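Undergrad: For reference, the structure I am asking about is given below.
Read the figures in this text as sums done on the coordinates, not as results from a lab. Remember, predicted model here, so these are calculated numbers, not experimental data. Reconstructed Cβ throughout: ideal geometry from the backbone, glycine too, with neighbour counts over all protein chains shown.
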Amino acid sequence: MLFVALTVVTGLIYPAVVTAIGQAAFHHQANGSLTERNGKVIGSDIIGQQFDAPQYFWGRLSATTPNPYNAGSSSGSNLGPTNPALADEVKGRIDALHAADPANQMAIPVDLVTSSGSGLDPEISPAAAAYQVARVAKARGMTVEQVQALVGQATMGRQFGVLGEPRVNVLRLNLALDAAKG
């Protein structure tokens, strides 16, 4: 009887109550924080996606396999700092960044050349966004100041003023760019 009672409580009642509370109080988050445009889902605020066109800001590398940014196989690369595969991955990304913007002499922020622990990080540091401003502005025919203003608007501070670091959601920033230069 105890087994049946615990199964009903923990397997049916508790999940139903938690789901109902999530749907009532946190509907957007409970359904994946999906972003829609013209009635079509184009991404999620909490899962990174691939942007590689020059007119878009690029996010962190994805370590998921076999496909990048696959939320079904979230994982880090597990490559240590002395692993040659990690050094090759970082060098490849540095080369890609230099090829995309050869005139850029700024130091490349580490989050543009490494993957996150989950492989799905939707955000970059303000420094990583600043590194890409000139390339994006040139590709879109916008001024650097216009793009910097959009980055400033998309920059989120620390949670509750103390937790985490300032960050920029790449999907939201790219959507703001599209809206600004419709």
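Undergrad: Of the peptides 166-176, 94-104, how do they stack up when ordered by the mean number of other Cβ atoms within 10 Å, highest first?
TA: Taking the mean over residues of other Cβ atoms within 10 Å, the ranking is 166-176, 94-104.
Undergrad: Would you mind checking which residues have amide H under 5 Å from Thr35's amide H? H placed 1.01 Å from N; only 5 or more apart, or other chain.
TA: Ile42, Gly43, Ser44, Asp45
Undergrad: Which net charge results for the neighbourhood of Arg167, defined as the other residues with beta-carbon distances under 15 angstrom from its beta-carbon, given Lys and Arg at +1 and Asp and Glu at -1?
TA: Cβ neighbours under 15 Å give a net charge of -2.
Undergrad: Starting from the Cα coordinates of region 34-180, work out the convex hull volume and express it per residue in Å³.
TA: Per-residue hull volume (Cα only) is 131 Å³.
Undergrad: Sticking with this structure for a sec: Taking K and R as +1 and D and E as -1, what net charge do the other residues with C-beta under 15 Å from the C-beta of Leu61 add up to?
TA: Charge balance in the 15 Å sphere: -4.
Undergrad: So what is the calculated 222 nm ellipticity per residue for the chain, using -39500 (n - 2.57) for each DSSP H run with n of 4 or more, over all residues, to the nearest 500 deg cm²/dmol?
TA: -13000 deg cm²/dmol
Undergrad: What list of ³J(HN,Hα) couplings, whole Hz, do you get for region 167-173 from phi and the Karplus terms 6.51, -1.76, 1.60, once you set θ to phi - 60° and write x for glycine and proline?
TA: Values per residue, Gly and Pro as x: 8, 10, 6, 5, 4, 4, 5 Hz.
Undergrad: Also: Provide the per-residue ³J(HN,Hα) series for region 84-98, in order, calculated from phi with Karplus coefficients 6.51, -1.76, 1.60 and θ = phi - 60°, each as a whole number of Hz, with x at glycine and proline positions.
TA: x, 5, 5, 4, 5, 4, 5, 4, x, 5, 4, 4, 5, 5, 5
Undergrad: Would you tally the net charge around Asp45, using a Cβ to Cβ cut-off of less than 10 Å, leaving Asp45 out, and scoring K and R as +1, D and E as -1?
TA: Charge balance in the 10 Å sphere: 0.
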